[in-house]
1. Using only DSSP helix segments of four residues or longer, with each worth -39500 (n - 2.57), what per-residue ellipticity at 222 nm results for the chain after dividing by its residue count and rounding to 500?
2. A 22 angstrom limit on the alpha carbon distance is what I want to check against. Which of Lys52/Lys133; Lys10/Lys228; Lys52/Lys120; Lys39/Lys245; Lys10/Lys39 exceed it?
3. Taking every alpha carbon pair in segment 29-95, what does the distance histogram look like in 5 angstrom bins from 0, in percent?
4. Pairs of Cα atoms under 8 Å, at least six residues apart: use those to get the relative contact order of segment 1-149, whole percent.
5. Can you give the net charge of the other residues whose Cβ lies under 12 Å from the Cβ of Val81, counting K and R as +1 and D and E as -1?
6. Percent of alpha carbon pairs in segment 205-249 separated by more than 17 Å?
7. Could you tell me the accessible area of His22 in Å² (1.4 Å probe, neighbours in place), rounded to the nearest ten?
8. Roughly speaking, what is the centre-to-centre gap between segment 101-129 and segment 1-68 when only Cα atoms are used, to the nearest Å?
Amino acid sequence: MNQIQLIESKLEPLRNQLKSHHLYCTLSSIDDVAIFMEKHVFAVWDFMSLLKSLQNHLTNVHTPWTPKGKGPTARFINEIVMAEESDVNELGEAMSHYEMYIDAMTQVGADTSNIDLFIKAIEEGNNIEYAAKQIDLEPPILEFIQFTMEVVNSNKPHCIASAFTFGREDVIPDMFLEIVSQSQTQDNGKTYGKLLYYLNRHIELDGDEHGPISLKMVAELCGEDAKKWEEVLETAKQALKFRLKLWDHITEAILKLNTLELQNT
């Protein structure tokens, strides 16, 4: 059993908790999906910080340019950046996956005002805590983002790659397959093609391409360094635990709203 297989075996209990999480059973209407998206969009956004941090570490984005001497890992990350930051949407237009997600939110009637205000505050040079305070961001979502930024600021490429691979890329296909199977994508004859396209695109890329590439990237960054492999495992466990907390929070929000709606009928 190689190091990647060993880590995946040790992460299996947490991954199984995610795959069988009650959240997926709560996504029974497009309104439920909208609530999910309003909260999950912050994870879609901060995923890009992991990705761009890896690009900063593994390629040279400065001028004058000098070679990094990390051809394989540079190629891995550049391939993923190209797809995540400039993929094509259902209309064939170049667009980041984050922007596709925002478009899908609009189509299903989800409220984008919080994430819009949050991004605006960041663009104006404010820190994450200030931006979160402006919209009263719920603690489980803020904690998820803060963990991501702690990993980014660790300046340890193998840890960043771990959170990216085992906490995001490697687990996304399972999560989205569950969401697609449990949530309806039509309501009163209205179609939600942008959401369906986004989900299917992620399943296609993350399951068939980005997941395997990310695993190779982790292996390249750790090599034979036992300490790095230990840190990769610990980071991965923490990333999955914060994801589970986020899923618990979203599930509670959906159930609470559904209970209120039942009481008002």
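The values are calculated or read from the model by the stated rules, or taken from the named source; none is laboratory data. Please read all numbers here as calculations on a predicted model, not as lab measurements. Don't worry about glycine lacking a Cβ; one is built from the backbone with ideal geometry, like all the others, and counts go over all protein chains shown. Remember, those area values only see protein heavy atoms, side chains included, never the ligands or the DNA or RNA. Shrake-Rupley method; radii C 1.70, N 1.55, O 1.52, S 1.80 Å.
1. -24000 deg cm²/dmol
2. Lys52/Lys133; Lys10/Lys39
3. 4, 14, 17, 17, 18, 13, 8, 5, 3, 2, 0
4. With pairs under 8 Å counted, the relative contact order is 25 percent.
5. Net local charge, Val81 excluded: -2.
6. Summing the P(r) of segment 205-249 above 17 Å gives 49 percent of all pairs.
7. So the heavy atoms of His22 present about 100 Å² to solvent.
8. 19
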